[in-house]
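The values are calculated or read from the model by the stated rules, or taken from the named source; none is laboratory data. Just so we're clear, the structure is a prediction, and the values are computed from it rather than from any experiment. Neighbour counts are summed over all protein chains in view; Cβ atoms, including those assigned to glycine, are modelled from backbone coordinates with ideal geometry. SASA here: full protein model, heavy atoms, side chains in, ligands and nucleic acids out. Shrake-Rupley method; radii C 1.70, N 1.55, O 1.52, S 1.80 Å.
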Amino acid sequence: MIYSNASHKLEDRFFTYVKVDTQSDPTSKTCPSTLKQKNLAKVLVAELLAIGIEDAHMDDFGYVYATIPSTSQKQVPVICFCSHMDTSPDCSGEDVKPIIHKNYQGEDLILPDDNSIILKLEEHKDLKDQLGNDIITASGTTLLGADNKAGLAEIMEAAAFLVQNPSVKHGTIKILFTPDEEIGRGVDKADLKKLGADFAYTVDGETLGSIEDETFSADGVKLIINGVSAHPGFAKGKMESAIKILGDILSALPKDKLTPEATSGKEGFIHPVSFNGHAEQAEAQFIIRDFDDELLKSHETFLENLVKEVLRSYPNATYEFDVTEQYRNMKKVLDKYPQLIENGVEAIERAGLTPKKQSIRGGTDGSRLSFMGLPCPNIFAGEHAFHGKQEWVSVQDMEKAVQTIVNIACIWEEKA
């Protein structure tokens, strides 16, 4: 039996989810970082219960858990499908107005609420594969939220299909919806013992047919410069401004390498993401990224040596250099479980697609889940141009993602 979207439930679910504001907040100390994420969690739980998944619930931290019972007599590994509920803090997710552009033919898509926001074929290369498809965008003043509400809708559609078609053989399926993925805390409070899965797939990828088994390794660096303050009218020979010192450090960073705007593929980078302070003390936050852990450490050493070199000109200033591990390349774990990728590739092929095995210049919940004991590659959800007002997703790509999720469940049962 093949999944069909004839009733357009998939679009209905997606439209419902993107209209709920779920931006996460990196400055918050709570979990979830914004209480409004629980508003969507409640909607998802209600839908899961309505389709007949009896144990669906939200915990105190805003995580949604649910179980689709096995329809097989075999001992099948328990498979989890996971997506995140929050949207990026980089662009407003309030009052999202989703729009379907039917039968796309390569034309410019001018968004109605801000005519300066235009999706052009030459700027969005994946649009060339969408001719004849239905493209969903926001209206021009917000992000769309396809990252990762496309994944939510796809998992929900697959869950409804499996529950309504018990003749489709599969093992026990677990569902996990997480908060705060966009700020790196998506699995901070995930209860893997309660979840009870053997393997997982995040549904949070971009290009149709993609499956990703490799991410950046990632660290954060907090750099504090302790300068010497003095009254500016009497500062000659005394002041060593922390702001100016930090400015010298930032301007000394490479411009043709080791920076996001000059790297691609497997190249790593050093990226300052925030700056604040005054003459006596100033602080900058950096993210450091590379696919190779040794190169990651070398980038950190490079940055600290650059700090030391700049401070040679400021003999009374000091610095603090604090490195925090964020996540590691999940390939180290996933290479031990080749059947995860093999089954994912076969599922994509059964959906009539050409699999694209890729690396992520970023991270997913699957990065940390893999190292927490739940091996977890990432499959496509169809989201594009995320974190901005030009974000888009194709209805037809979302349908293929649902088919892929169902196929994964069936393949694990067949091979058990």
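Can you tell me the Rg and Dmax of the stretch 309-376, counting just the alpha carbons, in angstroms?
20.3, 66
For the stretch 1-100, take the convex hull of the Cα atoms, compute a quarter of its surface area, and give me that in nm², please.
Numbers: hull surface 35.6 nm².
Result: 8.9 nm².
What residue among THR259, THR142, THR404 has the largest mean-square fluctuation in a Gaussian network model of the chain, using Cα springs under 10 Å?
The residue with the greatest mean-square fluctuation here is THR259.
Along its principal axes, what span do the Cα atoms of the chain show, with the longest given first and each in whole Å?
Projected onto the principal axes, the Cα atoms of the chain cover 82, 49, 38 Å.
Could you work out the Rg to Rh ratio of the stretch 189-240, with Rh taken as the Kirkwood radius (inverse of the mean 1/r over all Cα pairs)?
With Rg and the Kirkwood Rh in hand, the quotient comes to 1.44.
Once fully extended, how much extra length lies between GLU325 and MET1, figured as 0.36 nm per residue of separation less the alpha-carbon to alpha-carbon distance?
Fully extending the segment from GLU325 to MET1 adds 112.1 nm.
How many nm is it between the label spots at LYS332 and ALA262, if each spot is 7 Å from the Cα in line with the beta carbon?
Distance between label points: 2.9 nm.
Applying 1/(1 + (r/R0)^6) with R0 = 35 Å to the Cβ-Cβ distance of LYS244 and SER298, what FRET efficiency is obtained, to the nearest 0.05?
Here the calculated transfer efficiency is 0.80.
I'd like the orientation of helix 293-311 relative to the chain: the angle between its Cα long axis and the longest Cα principal axis, in ° from 0 to 90, rounded to 10.
In the chain, helix 293-311 runs at an angle near 20 degrees to the longest axis.
Please state the Cα pair-distance histogram of the stretch 229-268 with 10 angstrom bins from zero: what percent is in each bin?
In whole percents, the pair-distance histogram is 26, 29, 20, 16, 8, 1.
With springs connecting C-alpha atoms under 10 Å apart, model the chain as a Gaussian network and identify which of ALA218, ALA190, ALA46 has the largest mean-square fluctuation.
Sorting by GNM fluctuation, first place goes to ALA46.
Mind ranking HIS384, HIS101 by accessible surface for me, highest first, 1.4 Å probe?
Working: HIS384 5, HIS101 35 Å².
Correct descending sequence by accessible area is HIS101, HIS384.
By the scheme Lys and Arg +1, Asp and Glu -1, what is the net charge of all other residues having a beta-carbon under 9 Å from that of ILE211?
Result for the local shell: 0.
Taking square-rooted eigenvalues a ≥ b ≥ c of the alpha carbon gyration tensor, is the stretch 57-111 rounded, prolate or oblate, where a/c under 1.5 means rounded and, failing that, a/b exceeding b/c means prolate? Intermediate results must be reported in sequence, preceding the final value.
On the way: a/c = 3.82, a/b = 1.70, b/c = 2.25.
Note, shape of the stretch 57-111 comes out oblate.
Given points 7 Å out from each Cα along the Cα-Cβ axis, report the HIS124 to ASP108 separation in nanometres with one decimal.
Going from the HIS124 label point to the ASP108 one covers 1.4 nm.
Just to confirm the number: angle between the C-alpha axis of helix 395-414 and the first principal axis of the chain, 0 to 90 degrees, nearest 10?
70 degrees
If I ignore ligands, DNA and RNA and count only protein heavy atoms, how much of LEU192 is accessible to a 1.4 Å probe, in Å² to the nearest 10?
40 Å²
Assuming R0 = 35 Å, what is the FRET efficiency of ASN165 and LYS357, from their Cβ-Cβ distance, to the nearest 0.05?
0.75
Summing Lys, Arg as +1 and Asp, Glu as -1, what charge do residues with Cβ under 13 Å from the Cβ of GLY227 carry, GLY227 excluded?
For residues surrounding GLY227, the net value is -3.
Using the Kirkwood formula on the Cα atoms of the stretch 191-299, what hydrodynamic radius do you get, in angstrom to one decimal?
17.3 Å
LYS189 versus GLN75, label points 7 Å from Cα toward the beta carbon: distance in nm?
With each label point 7 Å from Cα toward Cβ, the separation is 3.6 nm.
Per residue, what accessible area does the chain have, given a 1.4 Å probe and all protein chains present, in Å²?
Result: 43 Å² per residue.
Pull up all non-local amide H partners of SER210: gap of 5 or more, or a different chain, and H-to-H distance under 5 Å with H placed in the peptide plane.
Hits under the 5 Å cutoff: LYS356, PHE380.
How large is log10 I(q)/I(0) at q = 0.09, 0.10, 0.16 Å⁻¹ when the Debye formula is applied to the Cα atoms of the stretch 259-416, each weighted equally and without solvent?
Rounded to two decimals, the profile gives -0.46, -0.54, -1.05.
As I understand it, the value is the acute angle between the Cα axis of helix 37-50 and the longest principal axis of the Cα atoms of the chain; what does it come to in degrees, rounded to 10?
10 degrees
Give the accessible area for VAL333 in Å² (nearest 10); use a 1.4 Å probe, count only protein heavy atoms, and leave out ligands, DNA and RNA.
20 Å²
May I ask which of LYS222/LYS308; LYS189/LYS297; LYS36/LYS389 have a Cα-Cα span longer than 18 Å here?
In this structure, LYS189/LYS297; LYS36/LYS389 exceed 18 Å between Cα atoms.
So, with +1 on the Cβ of K and R and -1 on the Cβ of D and E, and no other charges, what is the size of the charge dipole of the chain about its Cα centre, to the nearest 20 debye?
480 debye
For the stretch 104-179 and the stretch 209-280, what is the centre-to-centre distance using only Cα atoms, to the nearest Å?
36 Å
Might you report the magnitude of the Cβ-based charge dipole of the stretch 259-416 about its Cα centre, with Lys and Arg at +1 and Asp and Glu at -1, to the nearest 20 debye?
Charge dipole of the stretch 259-416: 320 debye, to the nearest 20.
With the full set of protein chains in place, find how many percent of the accessible area of the chain is carbon and sulfur; take the probe as 1.4 Å.
On the way: 8950 of 17880 Å².
Carbon-and-sulfur percentage of accessible area, whole number: 50.
Leaving ligands, DNA and RNA out of it, rank ILE155, ILE183 by accessible area with a 1.4 Å probe, largest first.
The most accessible residue leads, giving ILE183, ILE155.
Report the accessible area of LEU208, computed with a 1.4 Å probe over the heavy atoms of all protein chains in place, in Å² rounded to the nearest 10.
50 Å²
Calculate, in nm to one decimal, what LYS9 and LYS236 gain on full extension: separation in residues at 0.36 nm each, minus their alpha carbon distance.
74.7 nm
Amide H of VAL228 versus every other amide H placed in the peptide plane: which residues, excluding those fewer than 5 positions away on the same chain, fall under 5 Å?
GLU240, SER241, ALA242
Using a Gaussian network for the chain with springs between C-alpha atoms less than 10 Å apart, which of these wobbles most: GLY388, GLY233, GLY247?
Ranking GLY388, GLY233, GLY247 by mean-square fluctuation puts GLY233 first.
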